[in-house]
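I have placed the structure first, in the form of C-alpha coordinates, so that the comments after it can refer back to it.
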(Lines give C-alpha, C1' and ligand atoms only; values in the text may rest on other atoms or scores of the structure.)
Protein backbone atom coordinates (compact mmCIF):
# COMPACT_ATOMS: atom_id res chain seq x y z
CA UNK A 1 0.00 0.00 0.00
CA UNK A 2 1.21 3.54 -0.73
CA UNK A 3 3.56 2.50 -3.50
CA UNK A 4 3.86 4.48 -6.71
CA UNK A 5 2.24 1.53 -8.50
CA UNK A 6 -0.87 1.69 -6.32
CA UNK A 7 -1.21 5.44 -7.05
CA UNK A 8 -0.85 5.17 -10.80
CA UNK A 9 -3.53 7.10 -12.66
CA UNK A 10 -4.77 8.99 -9.60
CA UNK A 11 -4.34 12.59 -8.53
CA UNK A 12 -3.22 13.51 -5.04
CA UNK A 13 -5.95 14.20 -2.50
CA UNK A 14 -5.98 17.97 -1.94
CA UNK A 15 -8.91 18.76 0.34
CA UNK A 16 -11.71 17.38 2.46
CA UNK A 17 -15.01 17.35 0.57
CA UNK A 18 -17.27 16.84 3.54
CA UNK A 19 -17.07 16.76 7.31
CA UNK A 20 -19.71 15.10 9.43
CA UNK A 21 -20.87 15.85 12.96
CA UNK A 22 -23.54 14.04 14.93
CA UNK A 23 -26.19 16.01 16.81
CA UNK A 24 -29.15 14.86 18.86
CA UNK A 25 -31.23 17.98 18.20
CA UNK A 26 -31.25 19.07 14.55
CA UNK A 27 -33.43 22.12 15.27
CA UNK A 28 -30.89 23.43 17.81
CA UNK A 29 -28.08 22.65 15.36
CA UNK A 30 -29.93 24.61 12.67
CA UNK A 31 -30.23 27.63 14.95
CA UNK A 32 -26.48 27.48 15.69
CA UNK A 33 -25.04 26.71 12.24
CA UNK A 34 -27.60 28.44 10.00
CA UNK A 35 -29.06 31.27 12.08
CA UNK A 36 -25.93 32.22 14.05
CA UNK A 37 -23.02 31.19 11.83
CA UNK A 38 -24.84 31.89 8.56
CA UNK A 39 -24.10 28.61 6.76
CA UNK A 40 -26.50 28.02 3.88
CA UNK A 41 -28.74 24.93 3.90
CA UNK A 42 -28.19 22.56 0.99
CA UNK A 43 -30.69 19.90 2.07
CA UNK A 44 -32.44 18.70 5.19
CA UNK A 45 -34.69 15.94 6.42
CA UNK A 46 -36.18 16.60 9.86
CA UNK A 47 -35.16 13.91 12.32
CA UNK A 48 -32.39 12.67 10.05
CA UNK A 49 -29.96 15.27 8.69
CA UNK A 50 -29.06 18.86 7.86
CA UNK A 51 -26.54 19.42 5.04
CA UNK A 52 -24.77 22.77 4.92
CA UNK A 53 -22.78 24.13 1.99
CA UNK A 54 -19.51 25.95 2.40
CA UNK A 55 -17.61 27.37 -0.57
CA UNK A 56 -16.09 24.10 -1.77
CA UNK A 57 -17.05 21.66 1.00
CA UNK A 58 -20.05 20.36 2.90
CA UNK A 59 -20.78 20.13 6.61
CA UNK A 60 -23.13 17.22 7.22
CA UNK A 61 -25.06 17.13 10.49
CA UNK A 62 -26.72 13.82 11.28
CA UNK A 63 -28.89 12.55 14.10
CA UNK A 64 -26.96 9.33 14.86
CA UNK A 65 -30.18 7.44 15.61
CA UNK A 66 -31.19 7.92 11.96
CA UNK A 67 -27.85 6.87 10.45
CA UNK A 68 -26.83 3.88 12.57
CA UNK A 69 -29.26 1.53 10.86
CA UNK A 70 -29.82 3.17 7.50
CA UNK A 71 -29.78 1.35 4.20
CA UNK A 72 -28.32 2.60 0.94
CA UNK A 73 -24.99 4.09 2.02
CA UNK A 74 -23.11 2.33 4.82
CA UNK A 75 -24.50 2.92 8.30
CA UNK A 76 -22.51 5.31 10.48
CA UNK A 77 -22.79 7.27 13.69
CA UNK A 78 -20.82 8.43 16.69
CA UNK A 79 -21.44 9.34 20.30
CA UNK A 80 -19.61 12.04 22.17
CA UNK A 81 -18.19 15.34 20.98
CA UNK A 82 -16.73 15.68 17.50
CA UNK A 83 -14.69 18.56 16.13
CA UNK A 84 -14.84 20.89 13.15
CA UNK A 85 -12.62 23.89 12.39
CA UNK A 86 -13.74 26.76 10.17
CA UNK A 87 -11.08 28.83 8.37
CA UNK A 88 -11.56 32.48 9.29
CA UNK A 89 -9.29 35.31 8.12
CA UNK A 90 -7.23 36.34 11.13
CA UNK A 91 -8.41 39.93 10.72
CA UNK A 92 -12.00 38.76 11.38
CA UNK A 93 -11.45 36.56 14.45
CA UNK A 94 -12.21 39.35 16.92
CA UNK A 95 -15.46 40.16 15.08
CA UNK A 96 -16.42 36.46 15.19
CA UNK A 97 -15.62 36.36 18.90
CA UNK A 98 -17.91 39.33 19.49
CA UNK A 99 -20.66 37.80 17.32
CA UNK A 100 -20.54 34.57 19.32
CA UNK A 101 -20.46 36.32 22.69
CA UNK A 102 -23.36 38.59 21.70
CA UNK A 103 -25.37 35.46 20.84
CA UNK A 104 -24.63 34.02 24.29
CA UNK A 105 -22.11 31.43 23.07
CA UNK A 106 -19.26 31.04 25.56
CA UNK A 107 -15.72 31.05 24.25
CA UNK A 108 -14.35 27.82 25.71
CA UNK A 109 -10.71 28.44 24.80
CA UNK A 110 -8.48 30.81 22.84
CA UNK A 111 -5.18 29.54 21.48
CA UNK A 112 -2.19 31.35 20.00
CA UNK A 113 -0.21 28.88 17.91
CA UNK A 114 3.60 28.61 17.68
CA UNK A 115 3.73 29.20 13.91
CA UNK A 116 1.37 32.14 14.20
CA UNK A 117 -2.35 32.52 14.01
CA UNK A 118 -4.91 31.83 16.64
CA UNK A 119 -8.07 29.87 17.29
CA UNK A 120 -11.33 30.35 19.16
CA UNK A 121 -13.17 27.28 20.47
CA UNK A 122 -16.86 27.04 21.33
CA UNK A 123 -19.38 24.22 21.76
CA UNK A 124 -22.37 23.71 19.51
CA UNK A 125 -25.70 22.74 21.13
CA UNK A 126 -24.79 19.02 20.85
CA UNK A 127 -21.45 19.54 22.63
CA UNK A 128 -19.27 19.30 19.52
CA UNK A 129 -16.07 21.36 19.58
CA UNK A 130 -16.28 24.12 16.97
CA UNK A 131 -13.06 25.96 16.18
CA UNK A 132 -12.64 29.22 14.28
CA UNK A 133 -9.03 29.58 13.17
CA UNK A 134 -6.73 31.55 10.95
CA UNK A 135 -5.51 29.22 8.17
CA UNK A 136 -1.90 30.04 9.00
CA UNK A 137 -2.11 27.79 12.08
CA UNK A 138 -1.43 25.07 9.50
CA UNK A 139 0.83 27.16 7.30
CA UNK A 140 -1.89 28.20 4.81
CA UNK A 141 -2.59 31.72 3.63
CA UNK A 142 -5.81 33.49 4.63
CA UNK A 143 -8.35 33.08 1.84
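Candidates are the residues of the stretch 119-129 that are closer than 19 Å to residue 60 by Cβ and without any contact (Cβ under 8 Å) to a residue 60 or more places away in the chain; the one that is surrounded by the fewest Cβ atoms within 10 Å (Cβ to Cβ) is 127. With respect to the conditions (1) within 22 Å of residue 16 (Cα to Cα); (2) free of Cβ contacts under 8 Å to residues at least 24 places away in the same chain; (3) in a strand (DSSP E or B), residue 132 falls short on a single one, namely (2).
Among the residues making up the stretch 38-60, a single one is without any contact (Cβ under 8 Å) to a residue 24 or more places away in the chain, within 21 Å of residue 127 (Cβ to Cβ) and out of contact with any helix residue (DSSP H, G or I) (no Cβ under 9 Å at 6 or more places or on another chain): 51. If the condition is being part of a loop (DSSP other than H, G, I, E, B), at pLDDT 95 or above and surrounded by 11 or more Cβ atoms within 10 Å (Cβ to Cβ), then the stretch 83-113 contributes 103, 105, 107, 108.
Against the conditions (1) touching a residue at least 24 places away in the same chain (Cβ under 8 Å); (2) buried (at least 16 other Cβ atoms within 10 Å of the Cβ); (3) more than 27 Å from residue 102 (Cα to Cα); (4) touching a strand residue (DSSP E or B) at 6+ places or on another chain (Cβ under 6 Å), residue 63 satisfies every one except (4).
Within the stretch 92-111, residues that are in the same structural domain as residue 133 (by TED's automatic domain parsing) sit with their Cβ atoms under 7 Å from residues that are part of a loop (DSSP other than H, G, I, E, B), at 6+ positions apart or across chains, in these pairs: 93/134; 96/88; 97/107; 100/107; 101/107. For the stretch 31-48, a residue qualifies if it is assigned to a strand (DSSP E or B) and modelled with pLDDT of 95 or more, and the qualifying residues are 41, 42, 43, 44.
The values are calculated or read from the model by the stated rules, or taken from the named source; none is laboratory data. Predicted, not measured: the structure shown is a model, and the values here were computed from it. Virtual Cβ from ideal backbone geometry, glycine too; neighbours counted across all protein chains shown.
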